[in-house]
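The values are calculated or read from the model by the stated rules, or taken from the named source; none is laboratory data. Quantities reported herein were computed from a predicted structural model and do not represent experimental measurements. Positions of Cβ are backbone-derived with ideal geometry, glycine not excepted, and every protein chain shown enters the neighbour counts. Calculation scope for accessible area: heavy atoms of the full protein, side chains included, ligands and nucleic acids excluded. Shrake-Rupley method; radii C 1.70, N 1.55, O 1.52, S 1.80 Å.
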Amino acid sequence: MPLTWLLIAATKNHADLFGTAGFSFGAFHLFDNLEAVFTYDDGIFGRWLLNSVLYSVVGSLASSLISVAAGYCFDKYEFRGKGALFGLILIGTLVPGVVITLPQYLLASEVGIVNTYWAILVPSLVNPFGVYLARVFSEGYVPGEVLEAARIDGASEIRVFRSISLPMLLPGFMTLFLFSFTASWNNFFGPLVMLNDHHLYPAVLGIYNWNQLVVQNPELYSLAITGSLVTVIPLAIAFIGLQRFWRSGLSAGAVK
């Protein structure tokens with residue numbers, strides 16, 4: 001129902017938004033609202049969308065690759081302290097992200113990356129749950145016999161991972177990417193703490209900023225609603241486009 005209300009409200013102008021019932025259509029002004037959203041304040045919303053794409057796509061790709069490599073190592077290699085280190089990672093999955101945002105801010109302040117793109121990208125690289133899930137995927141998707149055959153043929157460990165294991169782990173990789181993409185796209189508190197320059201805001205924080213100003217400028221209410229609808233579209237595209245990967249990945253994780 002909230003999404004239905006959002007879809008209907010985005011088609012109304014400011015007068016119909018408050019002059020008609022919530023689930024009733026008024027005059028169709030969706031395209032006018034979209035034009036207003038993307039032209040307001042020299043098109044700042046387009047920049048917020050690009051920032052969201054940068055934080056979500058780049059951060060999620062890097063985070064998923066790191067998680068898959070770490071999970072693969074925990075599954076296929078033996079090294080000193082492996083059990084204790086993996087136990088620490090499991091503990092990390094129990095800590096809410098909001099709790100560590102302030103310590104992350106203090107660390108970012110120490111190294112001078114507050115109010116930069118790096119303040120959002122660097123924390124997104126760490127994903128304890130992704131490492132755990134990648135280990136589960138590695139146990140299910142990568143047979144040890146295949147790796148031994150490759151080593152006997154003279155392949156190095158890096159080539160074994162890149163050419164044999166990583167393609168086998170692709171469904172797991174895409175599942176991790178989708179989880180990370182969704183979390184990064186909807187991340188609000190991290191950018192709220194880390195960023196002061198509104199040119200660096202992701203779309204969710206920018207829309208929140210508009211919503212805070214509706215008392216002084218009521219026209220921003222329509223922009224915030226239409227902007228919210230636009231920010232839902234990339235998530236829907238990602239889920240539909242990658243569904244064949246994450247369905248198989250979730251099935252493998254459930255079987256394990």
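Keeping every protein chain present and rolling a 1.4 Å probe, give me the accessible area per residue for the chain in Å². Let's see the in-between values first.
Values: 13920 Å² over 256 residues.
That works out to 54 Å² per residue.
Taking the 1.4 Å solvent-accessible surface of the range 66-120 as the whole, the part contributed by carbon and sulfur is 71%.
Note on the range 176-218: with neighbouring protein chains present and a 1.4 Å probe, carbon and sulfur make up 59 percent of its accessible heavy-atom surface.
If one computes the Cα centroid of the range 137-155 and of the range 198-231, what distance in Å separates the two points? Computed from Cα coordinates, the inter-centre distance equals 51 Å. For Cα extents along the principal axes in Å, computed directly from the structure shown, the correct entry in [x] 72, 43, 29; [y] 70, 39, 34; [z] 60, 35, 33 is [x]. Projecting the Cα atoms of T182, S63, L106 onto the dipole axis of the chain, where Lys and Arg carry +1 and Asp and Glu carry -1 at the beta carbon, places S63 farthest toward the positive end.
Can you sort I152, I44, I91 by solvent-accessible area, 1.4 Å probe, largest first? Can you show the working numbers first?
Values: I152 140, I44 10, I91 95 Å².
Order by accessible area, largest first: I152, I91, I44.
Each Lys and Arg Cβ is given +1 and each Asp and Glu Cβ -1; about its Cα centre, the range 79-197 then shows a dipole of about 140 debye.
Can you give the calculated 222 nm mean residue ellipticity of the chain, where each DSSP H run of n ≥ 4 adds -39,500 (n - 2.57) and the sum is split over every residue, rounded to the nearest 500 deg cm²/dmol? Present the calculation step by step, with values, prior to reporting the outcome.
Numbers: 15 runs with 173 residues, N = 256.
So the calculated ellipticity at 222 nm is -20500 deg cm²/dmol.
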